[in-house]
Amino acid sequence: MLTSLFFTDGNEAHIETSHFNHPGVLMEQKEKLQQIYGLINKLPPNQKTALILSKLESKSQQEITEIMNLSPKAVESLIQRAKVGLEKKIKSSEGKQI
């Protein structure tokens, strides 16, 4: 019974994407994004800057080194520490509706 909701008779996944355009789903996604951006803002300034430049603005590592006036190793380290720090913040706030 449950599999018929997600799979057609040929075992192909069947999920109607129109369900994801529901206002309630969109509002929930918006709230989660706001929470994630709030957690990004709690990162140390250099980590936050490197992460935003890398992931949100799609800058290359070379571009980030020039913008931040840091070595490639320093930028790589900042991005990695930002990812780890953000992951920890997300996990610790999961019980708080994220």
Open item on the list: If I filter the range 53-73 down to residues being part of a helix (DSSP H, G or I) and surrounded by 17 or more Cβ atoms within 10 Å (Cβ to Cβ), which single residue comes out as farthest from the chain's Cα centre (by Cα)?
Closed with: Thr65
TODO: Would you mention how many residues in the range 20-37 are modelled with pLDDT of 85 or more and aromatic (Phe, Trp, Tyr)?
DONE: 1
Open item on the list: Quick check on the range 74-98: of everything there that is surrounded by fewer than 17 Cβ atoms within 10 Å (Cβ to Cβ) and more than 19 Å from Lys32 (Cα to Cα), which residue is farthest from the chain's Cα centre (by Cα)?
Closed with: Ala74
- [ ] Scan the range 48-73 residue by residue and report those that are basic (Lys, Arg) and under 16 Å from Ile36 (Cα atoms).
- [x] Lys48, Lys55
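The values are calculated or read from the model by the stated rules, or taken from the named source; none is laboratory data. The shown structure was predicted, so the numbers you read here are calculated from the model rather than taken from an experiment. Here Cβ is always computed from backbone atoms with ideal geometry, including for glycine, and neighbour counts include all displayed protein chains.
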